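Bear in mind that the values in this text are calculations on the coordinates, not laboratory data. On a predicted model such as this, the values are computed, not experimentally measured, just so you know. Here Cβ is always computed from backbone atoms with ideal geometry, including for glycine, and neighbour counts include all displayed protein chains.
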Amino acid sequence: MNIRRNFDNVENQLAVTIMMPFILSGGVKTIVTKLIRGLELDGFHVNPVVYYYWTEFANSLKLAQQLYKTSAIIYTGSLPVLGHLIHHKYTKTILFVHGYFKYELIELLRRGKLLSKLGAVYQMGLWKICELSKKLHKFMCLCKTACEVNGIYENYILLPEFILPDEEIYYEKLRKQLQKEYRDDKEVIKILTYTSFARSPRLLNAQHVEYLMKMVSKQINKNVELIIIDPRTKTETIKSIGNITIRYIKPLPRIRFLKLVSNSDLFIELNIDEELRDSTLEAALLGTPVAKLTHPLFKDRCDYIEDSLIQAYSFEELANKISEYIQNIEFYYNTYSNALRDFVLKFRTWNYVKRQLVEYLKEA
């Protein structure tokens, strides 16, 4: 990809370069795409640059000639590419670190195939160079815990998962189209969750969710269908635990996924730190209540009140709360649905979360 972009006639605009590795995918791709759109809405001229590992440094040398016209260069994909050793002389440099990246690299070294292991070694090398050189001006993380787990304790900006203005309008229309009527005699309660390719200590896995629902099954007298969307699943599988049917399915096309979220009675968030994933924000906007297990260490870092979602600090507590919710869903559904949606519309919009980043970009 040609990284030389036209910055002529943008002197009156704030310009930002976003560097993205070609393998960007999943939740990381989603938030980077949103970041670009959010900055554009704030009047920034955004220059996206896709790079390949083996040509990154050569391309960075070419790019350096144009950086005096930019407010900052933001590296995404959690990779402090070698180019930052050059770029810091010309503009502000920011590394966007996603999740518990260092732990994920260790997991690749332990479990990955040969090429994955080689890639992990290379990326660890980039991190070591970054730590020794100290040339990055700022880091950016989704939450404070994510920064700290990656060894970042200062010079960071927090940018939680967020929604854009047009998303608020889109989901409101979709919610009205898909909204269902609840009956007091629902025969089957539908619960949904979405696992990840990443093996990270911040995420519950499918086995954790199964264990949780085994605890729930002992306390309820209703039938439950638990759907686990798993990127690692190749064919649908079904198993039963008492009055609970568990279905493992592959990721769905976007509109089918949103319909499934809307038609679920509960969505289980898998993060155990203070952050909410993008799929949880989508569930909130579609009016689906959310349950979340949070590690007690992060309790004071949560900016949402407990009534916004079914939140607990142990498996036993969460199982008890989910059981209470299921047994009395006709009473609790609207309460949790409205509270979490209100929270997202107030505290997880671009206009609310952008302040730290935009203020830094506009500093002289």
> Where a Cα-Cα gap under 14 Å defines reach, which aspartates and glutamates qualify for Lys239, not counting those fewer than 8 residues away within the same chain?
Replying inline: Glu210, Glu225
> So which aspartates and glutamates pass the test for Lys362, namely a Cα distance under 17 Å, with those fewer than 8 places away in the same chain ruled out?
Replying inline: Glu11, Glu40, Asp42
> Hey, rough spin-label estimate for Ile86 and Lys214, points 7 angstrom out along Cα→Cβ, what's it come to in nanometres?
Replying inline: 5.6
> Given springs between every Cα pair under 10 Å in a Gaussian network model of the chain, which of Leu252, Leu114, Leu39 has the largest fluctuation?
Replying inline: Leu114
>> Looking at the calculated P(r) for the range 149-220, what percent of the C-alpha pair distances fall above 15 Å?
In response: 78
> Which of the cysteines in the chain are isolated, no other cysteine C-beta under 4.7 Å?
Replying inline: Cys130, Cys143, Cys302
>> Classify the range 271-355 from the C-alpha gyration tensor, please: rounded if a/c falls under 1.5, else prolate or oblate depending on whether a/b exceeds b/c.
In response: oblate
> For Glu187 and Asn328, what does the FRET efficiency come to when R0 = 22 Å and r is the distance between their Cβ atoms, rounded to the nearest 0.05?
Replying inline: 0.85
> Per q in 0.20 1/Å, what log10 I(q)/I(0) does a Debye calculation on the alpha-carbon atoms of the range 75-159 return?
Replying inline: -0.91
> So which chymotrypsin sites (Phe, Trp or Tyr not before Pro) in the range 126-223 pass both tests, a DSSP loop state and at most 14 other Cβ atoms within 10 Å of the Cβ?
Replying inline: Tyr153, Tyr182, Phe197
> What net charge is computed for the residues neighbouring Glu172, neighbours being all others with C-beta under 12 Å from the C-beta of Glu172, Lys and Arg scored +1, Asp and Glu -1?
Replying inline: +1
> Suppose R0 equals 45 Å; then what is the FRET efficiency for Ile305 and Thr55 from their Cβ-Cβ distance, rounded to the nearest 0.05?
Replying inline: 0.40
> Of all the Cα-Cα pairs you can form in the range 155-302, what percent are over 24 Å apart?
Replying inline: 36
> PRE reach from Leu297 (point 7 Å along Cα→Cβ): which of the range 245-288 fall under 16 Å by backbone N?
Replying inline: 271-275
> Given the pairs Lys92/Lys134; Lys69/Lys128; Lys29/Lys102; Lys144/Lys173; Lys176/Lys250, which span a C-alpha to C-alpha distance of over 22 angstrom in this model?
Replying inline: Lys69/Lys128; Lys144/Lys173; Lys176/Lys250
> Using +1 on the beta carbon of Lys and Arg, -1 on that of Asp and Glu, and nothing else charged, what's the dipole of the chain about the Cα centre, debye to 20?
Replying inline: 1320
>> Tell me which trypsin sites (Lys or Arg not before Pro) from the range 185-271 have a DSSP coil assignment and no more than 13 other beta carbons within 10 Å of their own.
In response: Lys218, Arg232, Lys234
> For the range 114-146 and the range 162-178, what is the separation of their Cα centres, given in Å?
Replying inline: 35
>> Rounded to whole Å, give me the distance from the Cα center of the range 194-261 to that of the range 16-83.
In response: 35
> How long are the semi-axes of the ellipsoid equivalent to the chain, from square roots of 5 times the Cα gyration tensor eigenvalues, in whole Å, largest first?
Replying inline: 39, 23, 18
